Amino acid sequence: EPPPATPPVPPSAVVQSAMDTCGEVIDAHLHESLFFPTSDSLVAEMDRASVSRGVLLAVYGAKPSPFSDDPNTSVQQFSEDSGGRVYGLVSLNTTGSNWTKDRDAELDRLATSLEMPAVVGAKLAPPHTCLELGSETMRDIVDTVSKSSKPLLYIHVGTTPFCGPFGLITSGMIGCCSREYVDARYLEILIAQYSEVTFILLHAGHDFLEETSEYYYNNTMVDATIQVAAAYPNVYLEISAFLKQPLANVTMNKIVDAGLMDRVLYGSDVNHFPGEMLPYLELAVPAMVDA
């Protein structure tokens, strides 16, 4: 692996403390963004935040990607152009009207993309794509990942703002946040059966909806996610996006109380706009230290 790039400006004291402890800062949750249309522009943003490496997630949904014709190919090229600074996670499209018809082609898309050289695993967002966690479709996907040379699978668990007004405003669609789409316990059978697959449960199940939502779970999906992670050594938690949200401290303390901080990945999920990566990192470091 190439050495991390030297940041163009000295890191802040908060970020330096993380670098002193960990050696480098890896942001495990990045997205394609209109503000960072090239690998160079994203790497420059990473440098400003003193982030040495990042993981870029491909996204497929009911509407075409605004960034590329094929997200998997785009993420692979983006990562390849980064000089070892960015690695890709690929996905597939489960939102078609006829999965029986689309199944073989989409699973082949996933299997083929997983073997791309700059790709390190796969990613799913079930509440965004209305994919039931305990479904046969999910089994097909996990099985495909297990047979690849990169048996790593990110899965969004817990709710999403797209199940509320934010979804309509930003994408014209509403996600699926009933329990079968957000409760990590629906994954337990697959996690136990496919022990060779490393599962990264995104956002640690944090609740992103308002108390007035019919799908507000008062952060109990965090409890469900922690329960699963505590039971299976092939499960890790990721803490992106929620540290600016209500109950963030509650979520972090629950992870600590469960003795799972050694299975936590740092990710931001904030590079949708410029200048967000560093503030989130500076928020995360003390939150992790305090926890």
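Within the chain, which cysteines find no other Cys whose Cβ is under 4.7 angstrom from their own?
Isolated Cys, the chain: Cys22.
Between beta-carbons, use under 14 Å as the cut-off and find the net charge around Thr100, counting Lys and Arg +1, Asp and Glu -1.
Details: positive: Lys101, Arg103; negative: Asp102, Asp104, Glu106, Glu136, Asp140.
Net of charged neighbours comes to -3.
Can you run phi through the Karplus equation (6.51, -1.76, 1.60; θ = phi - 60°) for region 177-188 and list ³J(HN,Hα) in whole Hz, with x for Gly and Pro?
Once rounded to whole Hz, the list reads 10, 5, 4, 5, 9, 10, 8, 4, 5, 5, 8, 4.
Restricted to Cα positions, what overall size does the chain have along the principal axes? Three whole-Å values, descending.
Sorted largest first, the three principal extents are 53, 40, 40 Å.
When DSSP assigns beta bridges and you keep just the ones with both residues in the chain, what percent turn out antiparallel, to the nearest 5?
On the way: 1 of 25 bridges.
Around 5 percent antiparallel, to the nearest 5.
Could you pull out every residue, at least 5 positions away or on a different chain, whose amide H is within less than 5 Å of the one on Glu32? Hs are placed 1.01 Å off N in the peptide plane, and Pro or chain starts have none.
It is Leu57, by chain and number.
Would you work out which of Gln77, Ser97, Leu30 lies farthest towards the positive end of the dipole of the chain, given +1 charges on the beta-carbon of Lys and Arg and -1 on that of Asp and Glu, about the Cα centre?
Going by the Cα projections, it comes out as Ser97.
Residue by residue, what Karplus-based ³J(HN,Hα) values in Hz, rounded to whole numbers, does region 217-229 have, using 6.51, -1.76 and 1.60 with θ = phi - 60° and x for Gly and Pro?
10, 6, 6, 6, 5, 5, 4, 5, 5, 5, 4, 5, 4
Express the carbon and sulfur contribution to the solvent-accessible surface of region 122-257 as a percent, rounded to the nearest whole number, probe 1.4 angstrom.
On the way: 2810 of 5400 Å².
C and S atoms contribute 52 percent here.
Give me the distance in nm between label points sitting 7 Å out from Cα along the Cα-to-Cβ direction at His272 and Thr73, one decimal.
With each label placed 7 Å out from Cα toward Cβ, I get 2.7 nm.
Which ³J(HN,Hα) values, rounded to whole Hz and listed in residue order, are derived for region 251-264 from phi using the Karplus coefficients 6.51, -1.76 and 1.60 in 6.51 cos²θ - 1.76 cosθ + 1.60 with θ = phi - 60°, glycine and proline given as x?
4, 4, 5, 5, 5, 5, 4, 7, x, 10, 5, 7, 10, 10
Quick check on the chain: helices-only [θ] at 222 nm, where DSSP H runs of length 4 and up contribute -39,500 (n - 2.57) each and the sum goes over total residues. Nearest 500, please. Write out the running numbers ahead of the final one.
Values: 12 runs with 114 residues, N = 291.
Rounded to the nearest 500, it is -11500 deg cm²/dmol.
For the chain, report the accessible area per residue in Å² (1.4 Å probe, heavy atoms, rounded to an integer). Let's see the in-between values first.
Numbers: 12720 Å² over 291 residues.
Heavy-atom SASA per residue in the chain reads 44 Å².
Could I get the Rg over Rh figure for region 114-227? Both from C-alpha atoms, Rh via Kirkwood, rounded to two places.
Values: Rg = 14.4 Å, Rh = 14.5 Å.
The Rg/Rh ratio comes out at 1.00.
Search the structure for amide H atoms under 5 Å from the amide H of Gly121, placed 1.01 Å from N in the peptide plane, and list their residues when 5 or more places away or on another chain.
Val90
Relative to the present Cα-Cα distance, how much length would full extension add between Ala231 and Gln245 at 0.36 nm per residue of separation?
Numbers: separation 14, 0.36 × 14 = 5.04 nm, distance 2.69 nm.
Length gained between Ala231 and Gln245: 2.4 nm.
Report, to one decimal in Å, the Kirkwood hydrodynamic radius for region 229-291 based on all distinct Cα pairs. Display every interim value, and only then the final one.
Details: mean 1/r = 0.0811 Å⁻¹.
Hydrodynamic radius (Kirkwood, Cα pairs) of region 229-291 is 12.3 Å.
Quick one: net charge around Tyr186, please, counting Lys, Arg +1 and Asp, Glu -1 for every other residue with C-beta under 14 Å from its C-beta.
Taking every other residue near Tyr186 into account, the sum is -2.
The values are calculated or read from the model by the stated rules, or taken from the named source; none is laboratory data. Everything numeric here is computed off the predicted structure, so don't read it as measured data. Cβ: placed from backbone, ideal geometry, glycine included. Neighbour counts: every protein chain shown. Please note that ligands, DNA and RNA were not included when accessible areas were found on the heavy atoms of the full protein model with its side chains. Shrake-Rupley method; radii C 1.70, N 1.55, O 1.52, S 1.80 Å.
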